[in-house]
Amino acid sequence: MRIGNWWPFGRVPEMDAGDLATAVADGSVQVLDVRTHAEFRRSRIPGARHLSITRFSNAHLEELGLDRERPVVAICLTAHRSIPAVRKLAERGYDARQLKGGMRAWWKTGAATESG
């Protein structure tokens, strides 16, 4: 991966929070939370898997066992850390996008969260 692909800016495919809520409910997407462990424990989308962007590697991605047949939506707090995650996932052959606006957008919809 080129170093520029790790920069947290630029354009990547996105999904808005309302569409993500629908897709999570019907199981058509996988959610990958790339925030810190503390952020993930505090509040996350139900069913989200966790891999902090600071630990993003091919080996750690393989451990997650993501389904290559379903899209993966990467999320962070404000849709910056998720940008390099989307790029890395796309390089590995996943249909990847980020949550537009990050968890802040999710919280604004009032959609379900879990913690712990």
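The values are calculated or read from the model by the stated rules, or taken from the named source; none is laboratory data. Since this is a predicted model, take the numbers as computed values, not measurements. In this analysis, Cβ positions are derived from the backbone assuming ideal geometry, glycine residues included, and neighbour counts consider all displayed protein chains.
List of remarks:
- Residue that is farthest from the chain's Cα centre (by Cα), among those in the stretch 21-44 that are among the β-branched types (V, I, T) and within 12 Å of L77 (Cα to Cα): T36
- So D33, is it at pLDDT 95 or above, surrounded by fewer than 16 Cβ atoms within 10 Å (Cβ to Cβ) and closer than 18 Å to T109 by Cβ: no
- In the stretch 51-71, the residues that are of a type in the set (F, W, Y) form Cβ pairs under 9 Å with partners that are part of a helix (DSSP H, G or I), at six or more places apart or across chains, as follows: F56/W6; F56/P84; F56/A85; F56/K88.
- Hits in the stretch 36-64 (condition: assigned to a loop (DSSP other than H, G, I, E, B), crowded, with 16+ Cβ neighbours inside 10 Å and of a type outside the set (S, T, N, Q)): I45, A48, L51, F56
- The stretch 72-92, residues that are in contact (Cβ under 8 Å) with a residue 60 or more places away in the chain and part of a loop (DSSP other than H, G, I, E, B): A79, H80, R81
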